[in-house]
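Peer 1: Before I ask anything, here is the structure I am working with.
Just so it is clear, none of the values below were taken in a lab; they were calculated from the coordinates. Remember, it's a predicted structure, so these values are computed and weren't measured experimentally. Cβ sites come from the backbone with ideal geometry, for glycine too, and all protein chains shown count toward neighbours.
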Ligand code: ADP
């Protein structure tokens, strides 16, 4: 096992990883920007190194600064968390070249799966159902229009390098496809410096369901069942839960096995999430693979009882998985609400500022993951997520009741948060009755 690990991240995930390391007897090195000098994760790490000014490009995305810190602190591994450099294959390569283990997959599988066009090809090879669409890149409008007429509208143009919901355009006819094609390509070029786009049939009113997986370096892989992340705003998840409340056992097993086939085909190691869309007839289609730990991983931890961060560290250190598939048992229902410093009443506008009052809920079945404390500053430079409230109970009905109670107990002042929006969603008839799709927020709560 590693003796010292650097965490190339900030906020709640940095704290989450430090805690896992401490329990494994691993020393931790935090890195921070000038804006995060007083952050809680900086205080609890064994060592902390400032890597630059507040701007992410100059600190948390600054590869030379992070590698220098790792060398000065003499660590044997770097955990990238999620976001920032977590899916940057070049960074993984630099770590390896410097003799530091990257806690994640090899740069080559990250590159392969990070390209959505290549990942679709691989999925087809692994007999995983894909959304009907182009075989590869679409080069111009004429090709897009020809294919759209073959598979039928609506269609969606997507960026091969896409992420965070950027570089996507839905089209309902030739005219909107003509416009959407160049818009998607320009957005992709600006956001990812890669204008490659492809085309998919737009699945109408789908649910988003994903499978959590973990593989070691000896080729053993297991799944930890699925999470349902249908409640999204602008393709950003707000609530995640497990199990997916509309899946029957047979489809669920097929879905989890499909995820396993895909990461085995990719000769993948470490944690991965294979994402699918589920249509109204319960057909599932592969959309993408995330080659990192995800924000919503605690949902899976609660229903399976396995610490995914510790498992990531163990397999990265070369340990073989001592878990067989039958050891992973799914129990009860878990749900996560993302608490963002945003004002739902003003179009979810970011609300940075000093937190004067912070009272965290507790009680049976309640888990809070946050780096915030009374007096902490929410910086305008970073993601607005300030915490995650996770609830685990035997049934979905009980989970919703506990979540509502815990949300009401949560006091965050004076800034605005997504708590009122969560309370509205959890009380909405369609959510309670499992009749939602990915457009629920835009259609019913905007
Ligand atoms: P990103 O990597 O930017 O998050 P994804 O491919 O994971 O992009 O898609 C994000 C979300 O966009 C999905 O959860 C879903 O809501 C929507 N989406 C993507 N592809 C389709 C599709 N073919 N049909 C309908 N919705 C889609």
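Peer 1: Between residue 249 and residue 37, 0.36 nm times their residue separation minus their Cα-Cα distance comes to what? All intermediate terms of the calculation are to be shown ahead of the outcome.
Peer 2: Working: separation 212, 0.36 × 212 = 76.32 nm, distance 4.84 nm.
Stretched fully, the residue 249-residue 37 segment lengthens by 71.5 nm.
Peer 1: Grab the DSSP H runs of the chain that are 4 residues or longer, score each as -39,500 (n - 2.57), total them, divide by all residues and round the 222 nm result to the nearest 500 deg cm²/dmol.
Peer 2: Roughly -10000 deg cm²/dmol at 222 nm, from the helical runs in the chain.
Peer 1: Arrange 140, 121, 216 by Cβ neighbour counts within 10 Å, fewest through most, would you?
Peer 2: On the way: 140 11, 121 15, 216 20.
Least to most surrounded, the residues fall as 140, 121, 216.
Peer 1: Also, I was wondering about something else. How big is D for the chain, in µm² s⁻¹ as a whole number, if Stokes-Einstein is applied with the Kirkwood radius of its Cα pairs at 25 °C and 0.890 mPa s? Before the final figure, lay out the partial values.
Peer 2: Working: Rh = 22.5 Å.
So the translational diffusion coefficient is about 109 µm²/s.
Peer 1: Pull up the DSSP beta bridges for the chain and report the antiparallel fraction as a percent, rounded to 5.
Peer 2: On the way: 60 of 75 bridges.
The answer is about 80 percent antiparallel.
Peer 1: Quick one: grab the alpha carbon gyration tensor of region 132-201, order the square roots of its eigenvalues as a ≥ b ≥ c, and give me rounded if a/c is under 1.5, else prolate or oblate depending on whether a/b is larger than b/c.
Peer 2: Working: a/c = 1.79, a/b = 1.64, b/c = 1.09.
Prolate.
Peer 1: If you don't mind, another one. Can you compute the label reach from residue 281? Point 7 Å from Cα along the Cβ direction, backbone N cut-off under 20 Å, restricted to region 179-220.
Peer 2: Under cut-off, by backbone N: 200-209.
Peer 1: Let me ask something additional. How big is the gap, in Å, between the Cα center of region 157-220 and the Cα center of region 268-326?
Peer 2: Rounded to whole Å, the Cα centres lie 21 Å apart.
Peer 1: Shifting gears a bit: Take the Cβ-Cβ distance between residue 96 and residue 44 as r, set R0 to 30 Å, and report the resulting FRET efficiency rounded to the nearest 0.05.
Peer 2: 0.60
Peer 1: Grab the Cα-Cα distance for residue 445 and residue 409, subtract it from 0.36 nm times how many residues apart they are, and report the gain in nm with one decimal.
Peer 2: Extra length available between residue 445 and residue 409 comes to 10.7 nm.
Peer 1: Okay, moving on. Between residue 349 and residue 143, what is the label-point separation in nm under the 7 Å Cα-to-beta-carbon projection?
Peer 2: 4.3 nm
Peer 1: Between residue 24 and residue 356, what's the calculated FRET efficiency when r is the beta-carbon distance and R0 is 45 Å? Round to 0.05. It would help to have the intermediate numbers written out before the result.
Peer 2: Working: r = 36 Å, r/R0 = 0.79.
After rounding, the FRET efficiency stands at 0.80.
Peer 1: Find the relative contact order for region 44-148 and round it to a whole percent, using C-alpha pairs within less than 8 Å whose residues are 6+ positions apart.
Peer 2: Details: 76 pairs, mean separation 15.9, N = 105.
Answer for region 44-148 is 15 percent.
Peer 1: Another question, then. Mind jotting down the distance between the C-alpha centroids of region 402-428 and region 18-95, whole Å?
Peer 2: 31 Å
Peer 1: Between residue 135 and residue 257, what is the spin-label point distance in nm, taking each point 7 Å from the Cα along the Cα→C-beta axis?
Peer 2: Placing both labels 7 Å beyond Cα along the Cβ direction yields 2.9 nm.
Peer 1: Here is a further query. Relative contact order of region 132-201: what whole-number percent is it, with Cα pairs under 8 angstrom and at least 6 residues apart?
Peer 2: Values: 136 pairs, mean separation 29.9, N = 70.
Once divided by the residue count of region 132-201, the mean separation gives 43 percent.
Peer 1: Take the chain, connect every pair of alpha-carbon atoms lying under 10 Å apart with a spring to form a Gaussian network, then pick out the residue of 278, 122, 323 with the largest mean-square fluctuation.
Peer 2: With Cα springs under 10 Å in the chain, the top fluctuation among 278, 122, 323 is at 323.
Peer 1: So how much slack lies between residue 236 and residue 397, counting 0.36 nm per residue of separation and subtracting their Cα-Cα distance, in nm? Numbers along the way, then the final one.
Peer 2: On the way: separation 161, 0.36 × 161 = 57.96 nm, distance 2.45 nm.
Gain on extension, residue 236 to residue 397, equals 55.5 nm.
Peer 1: Compute for region 4-103: radius of gyration divided by Kirkwood radius, i.e. Rg/Rh, restricted to C-alpha atoms, rounded to two decimals. Could you put the intermediate results ahead of the total?
Peer 2: On the way: Rg = 11.9 Å, Rh = 13.0 Å.
Rg/Rh for region 4-103 comes to 0.92.
Peer 1: For region 1-72, what does the relative contact order come out to in percent, with C-alpha contacts under 8 Å and a separation of six or more?
Peer 2: On the way: 119 pairs, mean separation 19.6, N = 72.
That works out to 27 percent.
Peer 1: I need 155, 329, 211 ordered by Cβ neighbour count within 10 Å, fewest first.
Peer 2: Numbers: 155 29, 329 10, 211 26.
Starting with the residue having the fewest Cβ neighbours, the order is 329, 211, 155.
Peer 1: Report, to one decimal in Å, the Kirkwood hydrodynamic radius for region 326-446 based on all distinct Cα pairs. It would help to have the intermediate numbers written out before the result.
Peer 2: Values: mean 1/r = 0.0651 Å⁻¹.
Its Kirkwood hydrodynamic radius stands at 15.4 Å.
Peer 1: Here's another thing I want to ask about it. Give me 300, 251, 96 ranked fewest to most by other Cβ atoms within 10 Å of their Cβ, as a rough exposure proxy. Kindly include the intermediate steps, with their values, before the conclusion.
Peer 2: Details: 300 27, 251 17, 96 13.
Ordered by Cβ neighbours within 10 Å, fewest first: 96, 251, 300.
Peer 1: Oh, and also: Say we join alpha carbon atoms closer than 10 Å with springs in a Gaussian network model of the chain; which of 74, 36, 228 then has the biggest fluctuation?
Peer 2: 74
Peer 1: Going 7 Å from the Cα of residue 118 toward and past its Cβ, which residues in region 244-286 have a backbone nitrogen under 13 Å from where you end up?
Peer 2: Residues 266-267 qualify, since their backbone N sits under 13 Å from the label point.
Peer 1: If I model a spin label as a point 7 Å beyond the Cα along the Cα-Cβ vector, how far apart are those points for residue 323 and residue 71 in nm?
Peer 2: With each label point 7 Å from Cα toward Cβ, the separation is 3.6 nm.
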